[in-house]
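To start, the structure itself, in structure tokens.
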Amino acid sequence: MEKPSTPNREIIANELKQITRSEASLASLPLKYVGIVREQTTHQDSEVRSRTVNLVRDWVNYANEHNPTEDDPFSIRYHVARFAAETFGHKREHADLRGVDIHDVASEGKSYQDIISRFVSTDILSDNNVAIVGGTARLALKMYAGVEISDEIPISDVDIVASTNTDIASKAKEYGVDLSGAKIVEGDVRLALPDLVTNFDCTMNQVAVCSGNLLFTDQALVDIRDGNIRIIAKDDPLFGSEGVVMADGNVYLNRNGFYRGLSFLLRGKGKRLIVSQENIEAEKDNIGRYWLVMLFVKIMTMKDDEARRNSIAHWHEVALRIGSTEAKTPESFLNELREQYPEMKSYGTKENSFDNDAQARWIIGKLAKKAVNTIFDPRSIDLPQTYTAANLELSENTEEYDYESFTRACEAYLD
């Protein structure tokens, strides 16, 4: 159960939002944040004050040592992430990556370069300062594993890891890639990849393409071949984890992890979501608005019409099967959600443009939130005592529905 927030926590959160909007200098924001936190904890007990002072001191020492480049969004993003990892992160075992020549990866007579060339410049494959991650790298591993790749095509965006050694914005423009999901590292990208990709959200994403090589973990290859969507309990002090390791070693998914796993499943990224019955029971009535996020952000944006039609059917069928709804059709499920969550009406219509400055401010805000939750009691969830395997798979057959009517209902909802 989440612990109730304190007035000080709420005051701090509001002041942090205000200073994010008003402070002109990106480089000054972290110090502004810790100043607010220190001021608001003056009247707290000695333990809280001590934690606050230590956090302020740690950031000042870090900033003095590394001197983040004034108002360079990518430098700020890198240093904030590094400070968070050093201050709040946990040590993880180093994991080696297997590697094969990307030029040897092919499927049905087509090379990896041929397939991705419609979506991104293949010059990126030989760039030592940039690595491909995310779905575009997962596509390469599926090709190497010899499994079906149709659900990875067309590529919607290309996520990258980029080094501060290069002009990241120029590289992104040159290759035509999306910076919103970019990871920033210092120095050699290849050396940073083992610790980075093994800390991604699920095992099938523990893969990268860098310097002409396809790099992956053994677990990624096994789960790609078996079709397992296995969410991990990653260590990410800025963005959090989608799962928590239980006493028996199994991973219990939090709400965001449950949503993410379902999103992968409904779009056919794997055959089954590894999850427990206890997890399903805890989330089926609480996932709520995430069903709308899945629909409008993930499913309705799919470019393949037949795949989108099938995903909508599975979207409703899975919700019905696990007990999130009793609605008889996808459209009636949509109407049910629309009435329950009217605030989501414009969610799928927002502009998706990327702004480097805004991204940096958002990440700095994540650091501040982590600091606040560290100073006060961190929020946590109660874990069940048992793990009963109840892996979710898509049904081979779904009920027929009026696709055109559903599409019109979606358009009317967003109008």
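Of all residues in segment 248-280, those that are free of Cβ contacts under 8 Å to residues at least 60 places away in the same chain and in a loop (DSSP other than H, G, I, E, B) total 1. Across segment 370-382, the qualifying residues are those that are of a type in the set (A, V, I, L, M) and surrounded by 15 or more Cβ atoms within 10 Å (Cβ to Cβ), and the one among them that is modelled with the lowest pLDDT is I375.
Within segment 281-298, residues that are closer than 19 Å to A390 by Cβ reach partners that are polar (S, T, N, Q) with beta carbons closer than 6 Å, at six or more positions or on different chains, in the pairs K284/S324.
Scanning segment 150-174 for residues that are closer than 15 Å to A208 by Cβ and of a type outside the set (V, I, T), we see that the one that is surrounded by the most Cβ atoms within 10 Å (Cβ to Cβ) is A162.
Which of (1) closer than 17 Å to A409 by Cβ; (2) crowded, with 20+ Cβ neighbours inside 10 Å; (3) modelled with pLDDT of 95 or more does R309 not meet, given it meets every other one? The one condition R309 does not meet is (2). Pairs are defined by a Cβ separation below 7 Å, a sequence spacing of at least 6 or placement on different chains, a first member in segment 136-153 that is more than 22 Å from G176 (Cβ to Cβ), and a second member that is basic (K, R) and assigned to a helix (DSSP H, G or I); the pairs so defined are A145/R225; V147/R225. Taking the listed residues D305, D248, D285, the one that is out of contact with any Gly (no Cβ under 6 Å at 6 or more places or on another chain), over 27 Å from R338 (Cβ atoms) and not assigned by TED's automatic domain parsing to the domain that holds D151 is D248, with no other qualifying. The single condition among (1) within 13 Å of L392 (Cα to Cα); (2) part of a helix (DSSP H, G or I) that F296 does not satisfy is (1). Looking only at residues of segment 22-32 that are at pLDDT below 70 and in a helix (DSSP H, G or I), we find that the one that is nearest to A63 (Cα to Cα) is P30. Among the residues of segment 82-121, those identified as β-branched (V, I, T), part of a helix (DSSP H, G or I) and modelled with pLDDT of 95 or more are I102, I115, I116.
The values are calculated or read from the model by the stated rules, or taken from the named source; none is laboratory data. Remember, predicted model here, so these are calculated numbers, not experimental data. So basically every Cβ, Gly included, is an ideal-geometry build from the backbone, and we count neighbours across all protein chains shown.
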